[in-house]
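**Student:** First the structure, then my questions, so here it is.
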Amino acid sequence: MELLSVIRRWRYRQEFSIREIARRTGLSRNTVRKYLRLDSVEPRFATPDRPSRLDPFADKLAHMLRQEAVKSRKQKRTVKQLHADLITLGYDGSYNRVAAFAREWKAARHREQQTCGRGAFVPLTFLPGEAFQFDWSEDWAIIAGERTKLQVAQFKLSYSRAFFLRAYPQQTHEMLFDAHNHAFRVLGGVPRRGIYDNMRTAIDKVGRGKERQVNARFAAMVSHFLFEAGFCNPASGWEKGQIEKNVQDARHRLWQPTPSFPSLAALNDWLEQRCRDLWAEIPHGAQPGTVAEAWREEVQHLMQLPRPFDGFVEYAKRVSPTCLIHLERNRYSVPASFANQPVSVRVYPERVVVAAEGQIVCEHGRAFARSHDHKSVTVYDWRHYLAVIQRKPGALRNGAPFAELPPAFRTLQQRMLKTPGGDREMVEILALVLQHDEQAVLTAVELALEAGAPTKTHILNLLHRLVDGKPVDAPPVKPPNVLTLTTEPQANVERYDVLRKAREARHAS
């Protein structure tokens, strides 16, 4: 390259003769003339056709590459695996030669089919309020002192590039619907179109081309928010490249170092505020100003947010004889009147609601078993078992649902069970919460314990006084001044001695 530059400079700038250039460079005059006739600034050399150890296996390797080209991305074998297969057939050459052959074969195939490789894309542009993109990601956080893997729902408006993140324990329908409720609330409205990949919570079956069998619950959510759902081609993440890039950027902006919070709700509150702060810090790039300024322009083109979508997932369950339903390796208590009967379980991201006979029966906070190494959890409500212990009061002593009674009830139970018939009396006191406010019953029990007379009769008396609004303690009685003694009596036993000495005195018997 440098020699060619010197030859051209000597000939055309300093006007040396070809003989002089050949003498100075040591090249023949014919070589110098050839370089000058090419009129090129770079030398071109013909690559000699050298024999290779891969030549006997070239047809076999080309056949293997044709077979791999029609497979899906996850089923394709790598070039290293193809190299290992050739070694079993007797090839003793290097991996680099096989990789070079594969590159040349793929380039020739693209030229033949007049296609391009996966590295060429068409830039996209969006109008305000036109579309948003969605994707899931996996990230880690420290929740209540434990390192926890989270499934993070990520949204991004395609025009303003405003984004929103919310973390969940799982990628399930109820989590997906709850994420949309929060995202549209934070983003200020609903765009006209949503762009998704072919996730299982949205697509039941992928057909040819753009044919999709959409999940019924997902379709109900789309219909509720009145936007059009579009799905990418399989293994074509570049069709929603904005959210794919946002997943990478969020790991550096939000998840490094690993955030630590006492609960998942606290983490999500921080994520929401942090996203808003980043809008004001990140420049938009394609538009003047920051992402926040572009968002304020786009929010005017978004559809007004409707009421939140009731995105529960419903299961039919049968209550066990122990008044429990099983859900995701965990158990939840149900009122005893529904034992051995079918109920409907509505699962939300943070709670489990049990319905039967057209009405809500009970509600529990949802428990999650992080892995199969963790034991399953049983969530009790001791009120659900009051009808049972009224018939079987002896079960109160070791009943698992009553292990976490309020402190006042626990203290009263410890004193009651020491007396004969105390278990039945304790059951009757607990059953008062079925007819009266639980806080009023607890207050009556606490007052009875303070008075040192925690009996059923005393507690009932105190409870009725609280319910009727009467004072629990009677006010002190002050006597009138007329009855006040002028001379206080004093104890004097000497008068009895006088009676003993006066023997002649006669007294009435």
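The values are calculated or read from the model by the stated rules, or taken from the named source; none is laboratory data. Just so it is clear, the model here is predicted, and its values are computed rather than measured. Please note: Cβ atoms are built from the backbone with ideal geometry, for glycine as well, and neighbour counts cover all protein chains shown. Keep in mind that these areas ignore ligands, DNA and RNA; they rest on the heavy atoms of the full protein, side chains included. Shrake-Rupley method; radii C 1.70, N 1.55, O 1.52, S 1.80 Å.
**Student:** How many of the residues in the stretch 25-76 are in a loop (DSSP other than H, G, I, E, B), open to solvent by less than 100 Å² (accessible area, probe 1.4 Å) and at pLDDT 85 or above?
**Tutor:** Here the count works out to 5.
**Student:** Identify the residue in the stretch 328-344 that is over 18 Å from the mean Cα position of the chain (by Cα) and under 28 Å from residue 167 (Cα atoms) and, among all such residues, is surrounded by the fewest Cβ atoms within 10 Å (Cβ to Cβ).
**Tutor:** The qualifying residue surrounded by the fewest Cβ atoms within 10 Å (Cβ to Cβ) is 329.
**Student:** Go through the residues of the stretch 280-290 one by one and say whether even a single one is under 21 Å from the mean Cα position of the chain (by Cα) and assigned to a helix (DSSP H, G or I).
**Tutor:** no
**Student:** Turning to a different aspect of this structure: Out of 272, 281, 293, 297, which single residue is within 21 Å of residue 161 (Cβ to Cβ) and open to solvent by less than 40 Å² (accessible area, probe 1.4 Å)?
**Tutor:** 272
**Student:** Quick one: what pairs do we get from the stretch 219-248, first residue basic (Lys, Arg), second open to solvent by less than 30 Å² (accessible area, probe 1.4 Å) and in a strand (DSSP E or B), C-beta under 6 Å, 6+ apart or different chains?
**Tutor:** Partner pairs satisfying both residue conditions: 240/133; 240/195.
**Student:** Counting only residues that are of a type in the set (A, V, I, L, M, F, W, C) and open to solvent by 40 Å² or more (accessible area, probe 1.4 Å), which one in the stretch 109-136 is modelled with the highest pLDDT?
**Tutor:** Among them, the one singled out is 127.
**Student:** Residues of the stretch 245-258 being open to solvent by less than 10 Å² (accessible area, probe 1.4 Å) and within 16 Å of the chain's Cα centre (by Cα), which ones?
**Tutor:** Of everything in the stretch 245-258, those that are open to solvent by less than 10 Å² (accessible area, probe 1.4 Å) and within 16 Å of the chain's Cα centre (by Cα) turn out to be 250, 254.
**Student:** What's the total number of residues in the stretch 175-201 that are modelled with pLDDT of 95 or more and either open to solvent by less than 10 Å² (accessible area, probe 1.4 Å) or assigned to a loop (DSSP other than H, G, I, E, B) (or both)?
**Tutor:** Summing the residues that are modelled with pLDDT of 95 or more and either open to solvent by less than 10 Å² (accessible area, probe 1.4 Å) or assigned to a loop (DSSP other than H, G, I, E, B) (or both) in the stretch 175-201 gives 16.
**Student:** Name every residue in the stretch 77-100 that is of a type in the set (Phe, Trp, Tyr) and part of a loop (DSSP other than H, G, I, E, B), in order of residue number.
**Tutor:** Of everything in the stretch 77-100, just one residue is of a type in the set (Phe, Trp, Tyr) and part of a loop (DSSP other than H, G, I, E, B), namely 91.
**Student:** Let me ask you something else. Among the numbered conditions (1) open to solvent by 80 Å² or more (accessible area, probe 1.4 Å); (2) under 29 Å from residue 140 (Cα atoms), tell me where residue 377 comes up short.
**Tutor:** Failing condition for residue 377: (1).
Rundown of residues vs (1) among the hydrophobic types (A, V, I, L, M, F, W, C); (2) in a loop (DSSP other than H, G, I, E, B), yes/no style:
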{"site": "204", "(1), (2)": "no, no"}
{"site": "208", "(1), (2)": "no, yes"}
{"site": "230", "(1), (2)": "no, no"}
{"site": "234", "(1), (2)": "no, yes"}
{"site": "238", "(1), (2)": "yes, no"}
{"site": "241", "(1), (2)": "no, no"}
{"site": "249", "(1), (2)": "no, no"}
{"site": "255", "(1), (2)": "yes, yes"}
{"site": "268", "(1), (2)": "no, no"}
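A quick yes/no check of all residues on (1) open to solvent by less than 30 Å² (accessible area, probe 1.4 Å); (2) of a type in the set (A, V, I, L, M, F, W, C); (3) part of a loop (DSSP other than H, G, I, E, B):
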| position | (1), (2), (3) |
| --- | --- |
| 346 | no, no, no |
| 352 | yes, yes, no |
| 360 | no, yes, no |
| 368 | no, yes, yes |
| 384 | yes, no, no |
| 388 | no, yes, no |
| 402 | yes, yes, no |
| 409 | yes, yes, no |
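**Student:** OK, next. For residue 242, are the conditions met, namely being open to solvent by 60 Å² or more (accessible area, probe 1.4 Å) and not acidic (Asp, Glu)?
**Tutor:** Criteria not met by residue 242.
**Student:** Go through (1) farther than 30 Å from residue 313 by Cα; (2) of a type in the set (Ser, Thr, Tyr); (3) surrounded by 14 or more Cβ atoms within 10 Å (Cβ to Cβ) for residue 419 and report which single condition fails.
**Tutor:** Of the numbered conditions (1) farther than 30 Å from residue 313 by Cα; (2) of a type in the set (Ser, Thr, Tyr); (3) surrounded by 14 or more Cβ atoms within 10 Å (Cβ to Cβ), the odd one out for residue 419 is (3).
**Student:** From the list 220, 286, pick out the single residue that is over 14 Å from residue 162 (Cα atoms), of a type in the set (A, V, I, L, M) and either at pLDDT below 95 or open to solvent by less than 70 Å² (accessible area, probe 1.4 Å) (or both).
**Tutor:** Going through 220, 286 in turn, the sole match is 220.
**Student:** In contact (Cβ under 8 Å) with a residue 60 or more places away in the chain and either over 30 Å from residue 223 (Cβ atoms) or out of contact with any helix residue (DSSP H, G or I) (no Cβ under 7 Å at 6 or more places or on another chain) (or both): which single residue out of 337, 320, 333 fits that description?
**Tutor:** 333
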